[in-house]
Structures are given as structure tokens and as C-alpha cells.
Amino acid sequence: MIPFDYHRATSVEDAVTTLAEHPDAMFLAGGTNLVDHMKLGVAQPSLLVDVGHLFPLQDIDVLPDGSLRVGADVRNADLAAHPVVRGNYPVLARALLSGASGQLRNLATTGGNLLQRTRCVYFQDVTTPCNKREPGTGCSAIGGYVRYHAILGASEHCVAVHPSDMAVAMTALDAQIVYVDADGDHRRPIEEFYRLPGDEPDRDTTLPHGALITAVEIPAPPAGAHSTYRKVRDRASYAFALTSVAAELVIEDGTIGAARIALGGVAHKPWRASLAERALIGAPAGAEAFEQAAAAELDQSEPLDGNEFKVALTKRAIVAILTAVMEGHAR
């Protein structure tokens, strides 16, 4: 066992200050990802700063403008069951219920879910080279086992994918990440929060070192919006996505007035399907438009030798979920 120190933060300010004083310290909330990585030797912090009990981070509030503010310590199970989430953001509720097991959802937090790291088998095996774990050592996945790996936005340095279901839904919902660092409070659109691997695959996000996520704010859904989430996986329970789709449509008189789509299991970050969105807006809702939108997005894919099937699978998933949203609108 690798020894480490533990500090139970008394406030957000105490947590941020303590981490700033210890460069190799890490925040601990639910611990469902970090503790696993400590056991595997992937993460070796000298100090854990426990923030999972801070009351200001445990609230879910509807703001005056109709947006939803979710504290970073809200458990995934509680967020999925919240009546406002179930009523106004079904895409988020379904994404949360698609993730992990019931036991893990009872412990995992909103902030921790956003920051979970890839489940690439090479990243988690410290005996293999991995640029994400040790920059400059190489990517063992290239030429290796890539069934779960990226078909969009990868680089020669990393082909791993982001594992979160919740983050895919929040990307489709244009969520804002609220965080605190030594310079005060900040917010960042979720699309700017995550990053592609490029030549720095060890950096999953643009979050500054030592910053603590305190909340996520989700805009009120547009009038007439319908949304849902679908995850395609190897087994029905406790498996990461081969591909997933979060979609929200506004359909008026049979024409698509607004579209928001994000994909999971296909890239280093939740992938905003902007090409598909542009192809849909103004088009008549139906199979032809859905197929054209899926093709527009996936025509830019670059599958690896061993995961080519994900291209057709993702196209079919996009069409299927858009059809489900359209049918839900019609009822």
C-alpha cells in the first residue's frame, strides 16, 4: 500500500487552499473512480482532500431564469430521481440511470462524474506504456485492443474515450461548469471544459490545477423540447458505452426548429454533433433527415483497425434516438 495523508475540508475555501499548498494532492468526493486508480497505482496522491460532505455543494436549485443549478456533491442517484430533472431534462435522468450500478450511483457525485478518467485497459494497466498516464511513453491501444476506443477526434498520442454518460447529456444541454480556484469563482461552457487529446493526452479538461468544481448549471429547456438518451453497450448492466446518443429536438408543424445532439463512447470527450445539428435544423422531421444528419456527422470519423463497426453503429443509434424523440413529440 502507498501511504497518503487525509484532510477533511471544512469549507470550499479550505479545500482550495489546502490543495494549493500540496501540488500532488487530489480532491476526494465519492471516490468511485479515484480510489480504484489508487489501488491500481494509476494515481498516487500524497494527500486526499475530502470535499464530499460540504453542504453548499449538495443542493439542487431552480434559479430565477428557470435554469437548474446542481451542486458538485449531489449524488448521481439523487439527481436522476429529482422531479425537475425527470420532468424537464429526461435526457439527463436517463443518462444517469444508464451509468454504472445502483450502488455506485448512490455514491458517485456530479463533480466526480465529470472528472472521471478513461476506462482504457492500457491506461489502467501500469505495466503498459500509456501517454495519458505517463506522457511520452507511447499509446499501447494503437495496434492493440480498440473495441471501445475513439472514432472521432483522436490523435497519434491517444485514442481513448471519455466514459461518462452524464457528461454526454450535459453537453447536449449546454451546461456550464462552475468552479473555484485561488482567483475566485469562474464558469466555463462544458464544450470548452473538455478537450481532445492532441499532443497532451494526459490533460482531460481545461480545469486549472487546484480548482474545485462547485456546481453545474443547466439552462431551462426551450419551449416544446423533447429529449432522451440511449446507450449501446455489450451487456445491459454496468458496462461502458460502445456508443451513446443524447438528443433534444423542438419540432414545430413537422419541421425541426432546434436540435442538440451529443455522442458518447466515440471520442476523448463528449462529442457535440454540430454537423448533425446543422443538417437537422429547418428540415422536415423524419427518417430521411435523420439519416442525412447521422451521415454528416460520421463521415468525418476515422475508425481504428478493430472498431470500424462503431461508425455504422453510431449512425443507427442517432437515427433511432431521433426517431424516438420525434415519436415522443407526436404523442
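The values are calculated or read from the model by the stated rules, or taken from the named source; none is laboratory data. These numbers come from a predicted model, not from an experiment. Note: ideal-geometry Cβ built from the backbone for every residue, glycine included; neighbour counts use all protein chains shown. Quick note on the areas: whole protein, heavy atoms, side chains included, nothing else; ligands and nucleic acids left out. Shrake-Rupley method; radii C 1.70, N 1.55, O 1.52, S 1.80 Å.
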* Asked: Of Leu107, Asn33, Val325, whose Cα points farthest to the positive end of the dipole of the chain (charges on the beta-carbon: +1 Lys, Arg; -1 Asp, Glu; origin at the Cα centre)?
  -> Val325
* Within the chain, helix-based [θ] at 222 nm, where runs of 4 or more DSSP H residues each add -39,500 (n - 2.57), nearest 500 -> -8500 deg cm²/dmol
* Asked: Given a cut-off of under 8 Å on Cα pairs at least six residues apart, what relative contact order in percent is computed for the range 252-331?
  -> 25 percent
* Asked: Roughly speaking, what is the centre-to-centre gap between the range 71-93 and the range 275-316 when only Cα atoms are used, to the nearest Å?
  -> 28 Å
* To do: Measure out, as a whole number of angstrom, how far apart the alpha-carbon centroids of the range 225-241 and the range 13-60 sit.
  => 28 Å
* Asked: How big is the C-alpha Rg of the chain next to the rule-of-thumb value 2.2 N^0.38 Å, as a ratio?
  -> 0.98
* Structure fact -> With Ile281 itself left out, Lys, Arg at +1 and Asp, Glu at -1 over residues whose Cβ is under 12 Å from its Cβ give 0
* **Point-to-point label distance, Ala320-Asp14, nm (Cα→Cβ direction, 7 Å offset)** => 4.9 nm
* Structure fact -> Highest mean packing first, using Cβ neighbours within 10 angstrom, the peptides 242-250, 57-65, 112-120 sort as 242-250, 112-120, 57-65
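Just the accessible area per residue of the chain, please: how many Å² with a 1.4 Å probe?
Averaged over the residues of the chain, the accessible area is 44 Å².
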* Note, ³J(HN,Hα) from phi for the range 25-40, Karplus 6.51, -1.76, 1.60, rounded to Hz, x at Gly and Pro -> 7, 9, 6, 10, 10, x, x, 5, 9, 4, 5, 4, 5, 5, 5, 7
* Structure fact -> Calc'd 3J(HN,Hα), the range 102-109, phi into Karplus 6.51 cos²θ - 1.76 cosθ + 1.60 (θ = phi - 60°), Hz, glycine/Pro = x, comes to x, 4, 5, 5, 6, 10, 5, 9
* To do: Considering only lysines 8 or more places apart in sequence, or on different chains, count the pairs in the chain whose C-alpha atoms sit under 26 Å apart.
  => 10
* Work through the residues other than Asp36 whose Cβ is under 11 Å from its Cβ and net out their charges, Lys, Arg +1 and Asp, Glu -1. => +3
* Which ³J(HN,Hα) values in Hz, rounded to whole numbers, follow from the phi angles of the range 295-306 under the Karplus curve 6.51 cos²θ - 1.76 cosθ + 1.60, where θ = phi - 60° and Gly and Pro get x? -> 5, 4, 6, 8, 5, 8, 5, 9, x, 9, 6, x
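Figure the gain on full extension for Tyr238 and Thr137 (residue separation times 0.36 nm, minus the Cα-Cα span) and round it to one decimal in nm.
Numbers: separation 101, 0.36 × 101 = 36.36 nm, distance 3.08 nm.
Result: 33.3 nm gained on full extension.
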* Structure fact -> Relative contact order as a percentage, the range 32-179, C-alpha pairs under 8 Å and 6+ apart, gives 21 percent
* Would you mind counting up the charge near Ser227? Only other residues with Cβ under 10 Å from its Cβ, with Lys and Arg at +1 and Asp and Glu at -1. => +1
* **Cα-centred dipole magnitude for the chain, charges only on beta-carbon of K, R (+1) and D, E (-1), debye, nearest 20** => 1080 debye
* Ignoring any ligand, DNA or RNA, what whole percent of the accessible area of the chain comes from carbon and sulfur when the probe is 1.4 angstrom? -> 52 percent
